[in-house]
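**Q** Starting off with a structure, shown below.
No value in this document is a laboratory result; all are computed from the given coordinates. Quick caveat: nothing in here was measured; it's all calculated off a predicted structure. As a convention, Cβ positions derive from the backbone with ideal geometry for all residues, glycine included, and neighbour counts pool all protein chains shown.
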Amino acid sequence: MSKRLYSYAGKILWIDLTANVAKKLDTNYKLARDLIGARGFGAKILWDNLKPEVNPLTPDNILVISIGPLAGTTAQSFSRFFVMFKSPLTGTYFRSVGGGYFGAEMKFAGYDAIVVSGRAKKPTYLWIHDNEVEFRDASNIWGLLTNYSTELLLEETDESARLITIGPAGEKLVKMASIQTDDQRSAARGGGGTVLGSKNLKAIVVKGTKRKVELFDEGLFKETVKEQIEKYRKSPAFENFRSLGTNGIVYLFYTLGHFPTYNFKQLELENVDRFKPETLETYVVKYGGCYGCAMGCWQFMKISKGPFAGHVWDKPEYETYWSLGGALGITNVEAIMYANMLCDLYGVDTISTGSTIAMAYELYEKGILTKRETDGLELNWGDPEPLIELIRKIALKEGIGRILAEGSRKAAELIGRGAEKYAMHIKGLELPAYDPRVAKAHGLSLATSPIGGSHELGWNRYELLGIPEKIDPVSPEGKGLICKEAQDETAFNEAAGGCNFPLSNLMNYDELIAKLLYSATGVGEFKDPKYLWMVGERIFNLERAFNVREKVTRKDDTVPERILVTTYPRTPAKGSLFELDKMLDEYYKARSWDIETGIPTRKKLEELDLKYVADELEQLGCYRPRNISK
Amino acid sequence: MRIHVEFVGMVAEKAKRKCVWLETEVNTTVETLFFKVFPSFLGKEVAETLFKSFLNREIIVVVNGTLTTEFTTMLNDGDKVYFFPMASGG
């Protein structure tokens with residue numbers, strides 16, 4: 001396999017923090033051809049290098065930061081960085097993703113991936129400038145909020161460098177700690193920041209000078225990017241995304257019944273008018289966007305009144321209006337903006353943090369948590385003051401924050417007294433702002449996602465917005481296949497390093513991605529969109545196999561009890577339950593997985609050229625006897 | 001019968017209205033709204049622009065919390081009809 005790879009950076013950087021060693025290995029042609037890059041690389045590197053049942057917070061855990069082959073090119077919306085690791089929150093495979101400029105800078109410095117293992121003896125940061133890799137003392141920035149650490153790191157290195165950093169929460173091993181970038185974006189979910197904290201790694205600063213990416217067929221590539229930009233401009237969602245990003249869907253999704261409130265107790269919210277786009281846009285003072293993205297969906301908002309007035313920060317996303325707002329009965333937009341900023345500064349995921357706090361509010365309402373246990377805070381629905389105090393307590397592990405910092409699943413276990421019923425998570429990851437009962441394929445994707453309760457790995461445009469055509473979101477019929485397709489499509493898009501927003505609007509689609517990948521890399525297989533779909537399925541199966549190795553089976557593909565036993569209260573799904581078992585049967589069938597266990601069959605894995613995975617699962621005794629002979 | 005119509009975000013800018021209760025005949029559909037009802041209070045030109053936007057999927061129509069892509073969706077007394085600009089993600 002000595003064929004030339006164009007457009008890839010060409011190297012994978014292996015960092016051993018225990019030994020203070022940096023090793024550069026060539027990006028292998030077979031790896032690139034079989035898994036494209038980004039999420040695909042992460043899944044494969046974790047499978048090959050992590051032993052089952054490794055404690056995520058030990059030096060043995062590995063964290064992979066990787067980009068796709070289109071990063072740093074003019075291809076639109078393909079310069080994201082992906083972070084894969086074993087999650088301390090879920091105990092499963094995890095993939096987190098961030099935007100901004102860090103991904104492109106990795107490419108310019110010459111790396112398709114950075115693989116971090118071991119644990120540094122003292123607080124450390126990595127300063128990577130082209131071929132040079134320095135392990136630097138981070139003692140002076142340890143403990144700092146992300147904005148201060150960013151400022152100091154850029155001063156110490158290069159003002160034009162790009163970086164990722166953790167905040168105090170990651171250092172203190174708060175389970176939902178995020179990874180922040182220098183431009184207020186984050187790879188927030190799953191505790192990537194916690195893993196970096198456990199490795200004593202405060203930050204990675206990157207600067208590259210190889211800013212011209214060599215393409216296989218420059219003419220075809222340019223033509224395809226032109227086609228892509230035209231498609232963007234013609235898309236009905238383009239201008240709306242540019243002007244408000246995901247703020248444009250808060251009121252829409254509330255109206256459609258996707259926006260659960262009061263810790264999933266209900267779907268109504270007083271004063272929801274405050275989340276209308278025409279109101280939210282009044283706070284916008286500045287616009288921006290990720291590297292190489294015409295959509296540019298960043299809006300910076302200024303808190304214009306109240307006790308938090310004056311702060312300008314990247315806007316809360318749709319999910320955050322929910323987790324730090326609707327989930328707590330809060331509609332005070334200024335308070336939500338401030339709480340969002342605090343999460344970024346301390347370095348915690350807004351979804352998991354808000355959702356865990358929402359559980360605490362409900363436990364307080366139910367009398368399961370008392371005022372004595374909440375450090376004197378009165379956790380009353382709609383009141384943002386305890387929210388703001390709890391974010392700080394969680395991030396610094398103070399008082400009740402020490403328990404809540406474990407995430408909702410573990411915190412509920414620690415609290416006991418029936419608290420588990422109110423923890424809204426799947427596989428330990430807090431649910432996002434979607435009610436599974438009103439969009440069943442989407443709900444099924446949450447239940448079966450390899451990273452737990454995430455909306456990102458199979459966002460279902462058919463159900464949620466009727467794109468390209470509407471299917472009945474409430475019926476459970478046929479949802480197994482629709483769910484699988486959305487998951488596989490997302491997987492190959494993310495292997496290419498792509499953002500899911502343009503995918504959800506069909507601005508990017510399989511044929512276009514195939515043309516971009518082929519003309520950039522020269523890998524012949526990428527020309528065929530069907531091949532990309534197969535790679536998506538391969539990645540999804542590899543991720544599932546990782547989890548099977550961690551003892552995940554059908555029993556774990558579920559949703560919180562509240563969703564399973566309570567009927568949906570309003571149109572369009574009034575009276576509907578989440579028909580989990582029926583849909584799981586259909587889903588496993590669509591995936592050719594064992595219906596009883598949810599484990600990928602040997603036949604399916606071999607079809608996807610993953611025989612080595614099937615062999616290992618068999619060796620570990622993951623297959624029931626009847627599958628062994630297949 | 002009476003129906004409640006709400007224009008949201010950029011659609012409200014186009015319609016120059018936010019919310020309105022409309023008196024309509026029975027058997028009103030989404031299509032009738034665009035062709036018979038809107039011209040009378042938004043003006044013919046705006047009504048046509050909105051209809052074109054609906055056809056091009058630039059506008060999302062939600063009736064009582066249900067996404068509606070059909071012209072023929074029948075409206076009933078007391079219905080709430082929302083017109084949103086197309087957006088996505090989350």
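**Q** Sort A:595-605, B:13-23, A:68-78, A:409-419 for me by packing, meaning the mean count of neighbouring Cβ atoms within 10 Å per residue, highest on top.
**A** Packing order, densest peptide first, comes out as A:68-78, A:595-605, A:409-419, B:13-23.
**Q** Distance between the C-alpha centers of segment A:257-303 and segment A:193-224? Whole Å please.
**A** 29
**Q** Would you work out the charge dipole size for the protein assembly as shown about its Cα centre, treating the Cβ of every Lys and Arg as +1 and the Cβ of every Asp and Glu as -1, and quote it to the nearest 20 debye?
**A** Roughly 920 debye for the protein assembly as shown.
**Q** For residue A:620 paired with residue A:29, estimate the spin-label separation in nm (one decimal), with each label point 7 Å from Cα along the Cα-to-Cβ line.
**A** Placing both labels 7 Å along Cα→Cβ, they lie 3.2 nm apart.
**Q** Another one. How high is the relative contact order of segment A:126-232? Use alpha-carbon pairs under 8 Å, at least six apart in sequence, and give a whole percent.
**A** 27
**Q** Please give the net charge around residue A:366, taking every other residue with its beta carbon less than 12 angstrom from that of residue A:366, where Lys and Arg add +1 and Asp and Glu add -1.
**A** Computed value for this residue: +1.
**Q** Here's something else I'd like to know. Would you be so kind as to identify all helices of chain A, as entire DSSP H runs, whose Cα atoms reach 27 Å or more along the helix's own axis and whose mean Kyte-Doolittle hydropathy is at least -0.5?
**A** Span-like helices here: A:529-549.
**Q** To the nearest Å, what is the center-to-center distance of segment A:559-630 and segment A:24-66, using C-alpha atoms only?
**A** When both Cα centres are located, 24 Å separates them.
**Q** Can I ask one more? Could you list A:215, A:163 in order of exposure, starting from the residue whose Cβ has the fewest other Cβ atoms within 10 Å?
**A** Going from least to most buried by this count: A:215, A:163.
**Q** Please work out, to two decimal places, the log10 of the ratio I(q)/I(0) at q = 0.06, 0.11 Å⁻¹ from a Debye calculation in which every Cα of chain A carries one identical scatterer.
**A** -0.28, -1.04
**Q** How big is segment A:473-583 along each principal axis, measuring the range of its Cα positions in Å and listing the largest first?
**A** Principal axes ranked by extent give 52, 37, 21 Å for the Cα atoms.
**Q** If you don't mind, there's one more thing I want to ask. Tell me the relative contact order for chain A as a rounded percent, counting alpha carbon contacts under 8 Å between residues six or more apart.
**A** 14
**Q** Using only atoms on other chains, find how many Cβ atoms lie within 10 Å of each Cβ of peptide A:459-470 and report the average.
**A** 3
**Q** Kirkwood Rh and Cα-based Rg: tell me the resulting Rg over Rh for segment B:1-82, rounded to two decimals.
**A** Dividing the radius of gyration by the Kirkwood radius yields 0.91.
**Q** Over segment A:233-287, what relative contact order in percent results from Cα pairs under 8 Å that are six or more residues apart?
**A** Across segment A:233-287, relative contact order equals 32 percent.
**Q** Another question, then. Per 5 Å bin, what percent of the C-alpha pairs of segment A:562-607 does each bin hold, from zero upward?
**A** Calculated P(r), rounded to whole percents: 5, 21, 19, 14, 12, 11, 9, 6, 3, 0.
**Q** Could you tell me how far the Cα centroid of segment A:306-349 sits from the Cα centroid of segment A:456-478, in Å?
**A** 29
**Q** Sort A:243, A:66 by Cβ crowding within 10 Å, fewest neighbours at the top.
**A** Placing the least packed residue first, the sequence is A:243, A:66.
**Q** Right, something else. Greater than 23 Å separation of Cα atoms is the criterion. Which listed pairs, A:86/A:315; A:172/A:421; A:44/A:410; A:265/A:440, meet it?
**A** A:86/A:315; A:172/A:421; A:44/A:410
**Q** Students often forget the sequence filter, so: which lysines lie under 18 Å Cα-Cα from residue A:23 once same-chain residues fewer than 8 apart are removed?
**A** Filter leaves A:11, A:107, A:199, A:207.
**Q** Towards the positive end of the charge dipole of segment A:27-156, with charges on Cβ (+1 Lys, Arg; -1 Asp, Glu), say which of A:153, A:141, A:35 has the farthest Cα.
**A** A:35
**Q** Which net charge results when you count Lys and Arg as +1 and Asp and Glu as -1 among the other residues whose beta-carbon is under 12 Å from that of residue A:52?
**A** Net charge in that neighbourhood comes out at 0.
**Q** For residue A:122 and residue A:160, what does the FRET efficiency come to when R0 = 25 Å and r is the distance between their Cβ atoms, rounded to the nearest 0.05?
**A** Once the sixth-power term is evaluated, E becomes 0.35.
**Q** Test of understanding: ordering B:29, A:490 by Cβ neighbours within 10 Å, fewest first, what list do you get?
**A** Going from least to most buried by this count: B:29, A:490.
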